[in-house]
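Laboratory data are not the source of any read-out in this text; all were calculated from the coordinates shown. As the structure is a computational prediction, the values presented were derived from the model and not from experiment. Counting neighbours? That spans all protein chains shown, and the Cβs are built from the backbone with ideal geometry, glycine included.
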Amino acid sequence: MRVSTLLIRSLAITIASASPQWSDPASIQHLAAGWAEKNPDLHNYPNSFTRGIYIKEIHSHNDYVHNAPFYEALSVGAISVEADVWAKDGELLVGHDEISLTKTRTLRSLYLDPILDSLRKMNPDTEFSQNTKCGLFGMWCPQPFYLAVDFKNNATEILPLLLRDLAPLREAGYLSEFNGQENIQRPITVHVGGTAVYENVIADQPLPRYHWVVAPIEKIDTPEEQKHADGTPVYDNTTSLFAQGHYGSMLGVPFEHVWGETTDAQKERLKQLVATARSRGLGSNFWGAPNWPIGARNSAWKAQIEAGVALLYVDDLQDAAQTVW
């Protein structure tokens with residue numbers, strides 16, 4: 001009993017001597033612990049809204065189903081989110097299908113207003129502010145954030161509503177643009193898909209243009225590729241930023257059969273598609289990869305990353321952000 005008591009006392013003394021002396025007024029630990037409270041005008045970094053968030057090249061697929069659309073994706077470092085929109089009574093409502101729509105869940109309320117508010121937090125108005133705009137990530141201000149808007153019904157009805165709703169971001173100088181000669185990158189870049197194609201959202205649009213359209217990745221550099229009368233491709237890096245396709249279809253199998261480990265042949269097919277898109281100056285991404293079983297999902301994620309996709313489309317943000325590759 002005496003030996004045990006002495007051992008416990010010895011351990012207590014050792015632990016106490018190894019612990020930081022937070023209670024010692026002369027210690028650096030004590031100063032650090034109380035510094036913020038004593039210096040309220042000094043301790044808040046001006047644009048600390050996303051401080052400590054590391055950028056990850058992941059895209060939040062069907063982002064609007066999350067409890068906090070946009071914000072959850074931003075909080076894990078995702079650089080892209082997706083919103084499916086429907087034109088209804090002069091508003092853009094967000095949802096995968098019509099039964100999920102409500103009048104309050106609009107593109108503005110779920111995305112455009114929160115994005116603008118976040119950018120204002122990242123660009124405080126001070127006497128030292130410059131014309132250069134910081135993006136949504138304090139760790140790397142030049143990083144653009146991609147808003148993918150998937151048109152669900154009539155594209156010719158959706159587009160003017162989208163351009164109207166983008167006006168506050170455009171007027172504040174936050175939207176990337178194509179000026180007729182080159183792409184000008186700014187904090188927010190909008191690209192559209194779904195019922196949106198070159199003819200109804202790009203052709204004959206006035207310049208500067210503040211959106212791009214997704215290119216069909218499976219048709220690039222094939223006989224089926226759409227071309228202008230002069231033989232030049234319709235989709236290039238002035239009309240599109242990304243080429244996209246359905247994961248299973250691109251690998252030659254229907255979605256429900258993509259269950260196991262990604263095969264060597266499928267990996268090579270992915271690399272070929274990515275390389276072809278890159279040769280056109282386009283990034284690549286794939287939707288519809290398996291979410292379950294987890295092994296199949298992780299294998300598909302890894303195969304895409306190794307192939308060099310520009311954005312990894314995911315539904316589970318936390319897993320994608322924390323997975324060790």
Does anyone have the angle between helix 155-165 and the longest principal axis of the chain? Alpha-carbon axes, 0 to 90°, nearest 10? 40 degrees
What order do you get for MET139, MET122 when you list them from fewest to most C-beta neighbours inside 10 Å? MET139, MET122
Given [x] 72, 29, 20; [y] 44, 28, 19; [z] 37, 23, 18 as possible values of semi-axes √(5λ) of the Cα gyration tensor in Å, the one from the coordinates is [y]
In sequence order, what are the phi-derived ³J(HN,Hα) couplings for the stretch 44-58 according to the Karplus relation 6.51 cos²θ - 1.76 cosθ + 1.60 with θ = phi - 60°, rounded to whole Hz, with x for glycine and proline? 8, 5, x, 10, 8, 3, 10, 4, x, 8, 8, 6, 9, 7, 10
Residue-count net charge about LYS219 - beta-carbon cut-off 14 Å; Lys, Arg +1, Asp, Glu -1: -3
Below 13 angstrom from the Cβ of ARG108, what's the summed charge of the other residues (Lys, Arg +1; Asp, Glu -1)? -1
Normalised by the residues of the chain, what does the relative contact order come to in percent, with Cα pairs under 8 Å and at least six apart? 14 percent
With springs only between Cα atoms under 10 Å, which of LYS133, LYS227, LYS56 fluctuates most in a Gaussian network model of the chain? LYS227
In deg cm²/dmol, rounded to the nearest 500, the helical mean residue ellipticity at 222 nm of the chain, built from -39500 (n - 2.57) for every DSSP H run of length 4 or more, is -9000 deg cm²/dmol
Scoring only Lys, Arg, Asp and Glu (+1, +1, -1, -1) among other residues with Cβ under 15 Å from the Cβ of GLN181 yields -2
The Cα extents of the stretch 181-325 along the principal axes, largest first and rounded to whole Å, are 47, 36, 25
Specify the angular offset, from 0 to 90 degrees and rounded to the nearest 10, of the alpha carbon long axis of helix 113-122 from the longest principal axis of the alpha carbons in the chain. 50 degrees
